[in-house]
Amino acid sequence: MWYFVAPQVVFGQDALSHLAQLKGKLAFIVTDKNIVKLGIVDKVKEQLSQAGIGATVFDEVEPDPSLQTVEKGVALMNSCAPDLVVAVGGGSVMDAAKAMRVQYERPDIRPEEINPFISDLGLGRKCKLVCISTTSGTGAEATFAIVLTDTTDQRKLSLINREIVPDIAIVDPELARGMPPQITADTGMDVLTHAVEGFICTWKNDFTDGLCLKALQLVFQYLPRAVRDGNDMEAREKMHNAACIAGIGFINALTAMAHAAGHSWGALFHIPHGRAVGLFLPYTIEFIGEAREELWSEIAYAIKLRVPEGERAGKVLVQAIRELARNINQPLNIKETGIPSESFQKAIPKLIDNVMADGSLIVSPRIPDATEAEKFFQYAYEGKSIDF
Amino acid sequence: MAILFGTQEWVDALKDALKKSQAYKEAAKNWEGDLYIIVEPDAAYKNRHILYLDLWHGECREARVITDENEKSPKYRISGPFTSMKQILDKKVDPVQSMMTGKIKVKGDMAQIMKMPRAAVELVNCMTAFETVFPS
């Protein structure tokens, strides 16, 4: 027995106008200062006002949002009592909004206590949650995961519960138009990693496979175009859709080693999430290797890669991913990110601790022990292909 | 030789498997807390079993069958019907998925469990490291 959970998805040009059809009295808009500056929050407020819905704005979400930021937002929510939460931004904003919404509706549950085993959160009684993505990466608008940073423990908390899925995801490509090439590339690598790991993790299933493969096709076809020309609206739209599709795909199956390693490294060195998980993706494919050879072949077939006779599909896929990453100026190893060897070696014990504690690891087709995890990081630092 | 589930002999075998498992030691090195595994009767089996494990930093300090539920106040309680427990031990279903679908209930400090999900997985792996025979 398993579940497939997804929000109502409103997508395509002008999807934002769906806000004018919502019912409610007061919206609590969760966002960041950059989104306010870009004028996107004003557009959201304008649509909401057409529905007679007022708005209070909380624009203090930082990249890698902390538990403290969530608490601050909840305090403001409690003072204005909204019946609608509207998250406008990237993954950090949407994750923070999901956590705020839970604590607003269930003050008895601390954000860090959100877990997949609670079956009666009972959300939706005080407010609905609408997530509007302005980046094409995390798919957070459609997932029931929250990633928060515990600043005291220097680790990322991956919190999951089916009930925290947003009620509505708005996927309007116009909102992604302003993304600079670097963020387009970073977030695109996140989509790619979601799609690959969702397709090969041990909880993969018939309902998610097709979504992951479709997202992969879109990434390989449109990500380089979206990075090259942000005004290529066909590429923007396809990547915006791909992010949401991969989000729904992976969250109903989960991820694997690239996410565990990316969370671990990202928390210590403050690397953007998509760049971090994307960097580890080829190493993860090599590490899992033959255990998923049939699935590497399926991916290769879906994205029209030619696998020469006698060659392993996994190897060909790794080459294709590295080529794509190189084309969009992504680092292929940790050294290329400018982290000095000394700092990296010093962080190794914490990197291993974090990766071994990461929830993504439990559904990895191959789970490393601590020694293998250390080798994995060392190889990724040097850019060596995994051979163990 | 297969060991009958729910007996002291079975719990001893589990303690031994935990002692031998490097993967468990590693995954549970920060784990602090004892637990009850409560097997509830269902249509397939009419008895109730309570197994007690005292787990501490990768070690199993005590493992035994409990007859009076009030004897201990463990930090965690993992409970489920016999058939669901059997499916896990037969490796027919994933233990974490069983918990996520509510087939198996978990009570206790969830923040700690979420910090060490692999400890739970490796604990179940140890339960399947030896041959179990189930009461009919």
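Can you pull the percent of region A:18-92's accessible area that's carbon plus sulfur, 1.4 Å probe, other chains left in place?
Values: 1690 of 3360 Å².
Carbon with sulfur: 50 percent of the solvent-accessible area.
Taking the Cα atoms of chain B, what is the range of coordinates along each of the three principal axes, in descending order and whole Å?
The Cα atoms of chain B stretch 37, 32, 32 Å along the principal axes, largest first.
Give me the percent of Cα-Cα pairs in region A:198-288 that sit more than 22 Å apart, rounded to a whole number. Show your work: numbers first, answer last.
On the way: 1359 of 4095 pairs.
Result: 33 percent of Cα pairs exceed 22 Å.
Where is the GNM fluctuation largest for chain A (alpha-carbon springs, 10 angstrom cutoff): A:108, A:172, A:120?
Maximum among the listed residues: A:120.
Charges on Cβ only, +1 for Lys and Arg, -1 for Asp and Glu, centred on the Cα centroid of chain A; of A:330, A:9, A:49, which one is farthest towards the dipole's positive end?
Farthest towards the positive end: A:49.
Can you give me the P(r) profile for the protein assembly as shown? Cα pairs, bins 10 angstrom wide beginning at 0, each as a whole percent.
P(r) for the protein assembly as shown, in whole percents per bin: 4, 19, 28, 25, 16, 7, 1, 0.
Quick one: which of A:128/A:238; A:204/B:75; A:33/A:98; A:72/A:128; A:45/A:126; A:350/B:15 span more than 24 angstrom between C-alpha atoms?
Working: A:128/A:238 27 Å; A:204/B:75 33 Å; A:33/A:98 18 Å; A:72/A:128 20 Å; A:45/A:126 20 Å; A:350/B:15 29 Å.
Too far apart for the 24 Å limit: A:128/A:238; A:204/B:75; A:350/B:15.
Quote the charge dipole size of region B:14-67 about the Cα centre in Debye, to the nearest 20; the model charges only the Cβ of Lys and Arg (+1) and of Asp and Glu (-1).
Details: 9 positive and 9 negative charges, 39 e Å.
The dipole magnitude comes to about 180 debye.
If you average the sequence gap of Cα pairs under 8 Å that are 6 or more apart and divide by the length of region A:160-240, what percent do you get for the contact order?
Values: 71 pairs, mean separation 32.5, N = 81.
Relative contact order comes out at 40 percent.
In nanometres, what is the gap between the two model label sites at residue A:79 and residue A:348, each 7 Å from Cα along Cα-to-Cβ?
Computed distance between label sites residue A:79 and residue A:348 equals 4.9 nm.
Given N residues in region A:6-47, what is Rg(Cα) / (2.2 N^0.38 Å)?
1.26
Mind checking Rg over Rh on region A:4-75, alpha carbons, Kirkwood formula for Rh?
Values: Rg = 13.7 Å, Rh = 13.7 Å.
With Rg and the Kirkwood Rh in hand, the quotient comes to 1.00.
Before anything else, pin down the relative contact order of region B:52-136: Cα pairs under 8 Å, at least 6 apart, normalised by residue count, whole percent.
Result for region B:52-136 is 24 percent.
Once you've got the GNM for chain B with C-alpha springs shorter than 10 Å, pick whichever of B:110, B:85, B:99 has the biggest mean-square fluctuation.
Taking springs between Cα atoms under 10 Å, the residue moving most is B:110.
Just reorder B:31, A:2 by solvent-accessible area, largest first, 1.4 Å probe, all chains present.
Working: B:31 20, A:2 75 Å².
From most exposed to least exposed: A:2, B:31.
For region B:56-136, what is the convex hull (Cα atoms) projected area averaged across all directions, in square nanometres? Numbers along the way, then the final one.
Values: hull surface 24.9 nm².
Projected over every direction and averaged, the Cα hull of region B:56-136 covers 6.2 nm².
Kindly identify residues of region A:348-367 having a loss of at least 30 Å² in accessible area between the isolated chain and the assembly of all protein chains, probe radius 1.4 Å.
Buried-area filter returns A:353, A:356, A:357, A:362, A:367.
For region B:1-66, list log₁₀ I(q)/I(0) at each q in 0.14, 0.20, 0.29 Å⁻¹, using the Debye formula over Cα point scatterers of equal strength and ignoring solvent, two decimals each.
Computed log10 I(q)/I(0) values: -0.45, -0.81, -1.22.
Determine, from the Cβ-Cβ distance of residue B:131 and residue A:1 and an R0 of 22 Å, the FRET efficiency 1/(1 + (r/R0)^6), rounded to the nearest 0.05. Could you put the intermediate results ahead of the total?
Details: r = 26 Å, r/R0 = 1.20.
Computed FRET efficiency for residue B:131 and residue A:1: 0.25.
What does the buried accessible surface come to for A and B, summed over both chains, with the probe at 1.4 Å? Round to 100 Å². Present the calculation step by step, with values, prior to reporting the outcome.
Values: alone 15790 and 7530 Å², together 21250 Å².
Using a 1.4 Å probe, the pair buries roughly 2100 Å².
Go ahead and estimate [θ] at 222 nm for chain A from helices alone: -39,500 (n - 2.57) per DSSP H run with n ≥ 4, summed, over the residue count, rounded to 500.
Working: 13 runs with 191 residues, N = 388.
Only helices count here, giving -16000 deg cm²/dmol.
Output the relative contact order of chain A, whole-number percent, from Cα pairs under 8 angstrom with separation of 6+ residues.
Numbers: 791 pairs, mean separation 57.3, N = 388.
Relative contact order here is 15 percent.
Taking every pair of alpha-carbon atoms in region A:109-233, what share in percent sits in each 5 Å bin, from 0 to the bin with the longest distance?
2, 10, 15, 19, 19, 17, 11, 6, 2, 0
Per-residue accessible area for residue A:382 at 1.4 Å probe radius, Å² rounded to 10?
Per-residue accessible area (residue A:382): approximately 100 Å².
At a Cα cut-off below 29 Å, give the lysines reachable from residue A:346, other chains included and same-chain residues fewer than 8 away excluded.
By straight Cα distance, residue A:346 reaches A:156, A:335, A:375, A:384, B:25, B:29, B:115.
If you average 1/r over every pair of different alpha-carbon atoms in region A:11-170 and take one over that average, what Kirkwood value in Å do you get?
Values: mean 1/r = 0.0650 Å⁻¹.
With all distinct Cα pairs of region A:11-170 included, I get 15.4 Å.
How much accessible area per residue does the protein assembly as shown have, counting only protein heavy atoms and a probe of 1.4 Å, in square angstrom? Intermediate results must be reported in sequence, preceding the final value.
Numbers: 21250 Å² over 524 residues.
With all protein chains present, the protein assembly as shown gives 41 Å² per residue.
Please list, in order along region A:284-299, the HN-Hα scalar couplings obtained from phi with the Karplus expression 6.51 cos²θ - 1.76 cosθ + 1.60 (θ = phi - 60°), rounded to whole Hz, x for Gly and Pro.
5, 4, 5, 5, 6, x, 4, 4, 10, 4, 4, 6, 4, 4, 4, 5
In nm, to one decimal, how far is the residue B:19 label point from the residue A:152 one, both placed 7 Å along Cα→Cβ?
Going by the 7 Å Cα→Cβ label model, 3.7 nm.
Using just the helices of chain B, give the 222 nm mean residue ellipticity in deg cm²/dmol: DSSP H runs with n ≥ 4 each add -39,500 (n - 2.57), and the total is spread over all residues, rounded to 500.
Details: 6 runs with 50 residues, N = 136.
Calculated from helices alone, the mean residue ellipticity at 222 nm is -10000 deg cm²/dmol.
On alpha carbon coordinates alone, what is the Rg over Rh value for region A:226-352, Rh being the Kirkwood radius? Kindly include the intermediate steps, with their values, before the conclusion.
Working: Rg = 16.1 Å, Rh = 16.3 Å.
Rounded to two decimals, Rg over Rh is 0.99.
Applying the Karplus parametrisation 6.51 cos²θ - 1.76 cosθ + 1.60 with θ = phi - 60° to the phi angles of region B:109-125, what ³J(HN,Hα) value in whole Hz is obtained for each residue in order, glycine and proline being reported as x?
6, 5, 4, 5, 4, 5, 7, 9, x, 5, 4, 5, 5, 5, 4, 5, 4
The values are calculated or read from the model by the stated rules, or taken from the named source; none is laboratory data. Computed from a prediction, not measured in an experiment: that's the story for all the values here. Using ideal geometry, Cβ is built from the backbone for each residue, glycine included, and neighbour counts are taken over all protein chains shown. Areas reflect the complete protein model, heavy atoms only, side chains present, ligands, DNA and RNA absent. Shrake-Rupley method; radii C 1.70, N 1.55, O 1.52, S 1.80 Å.
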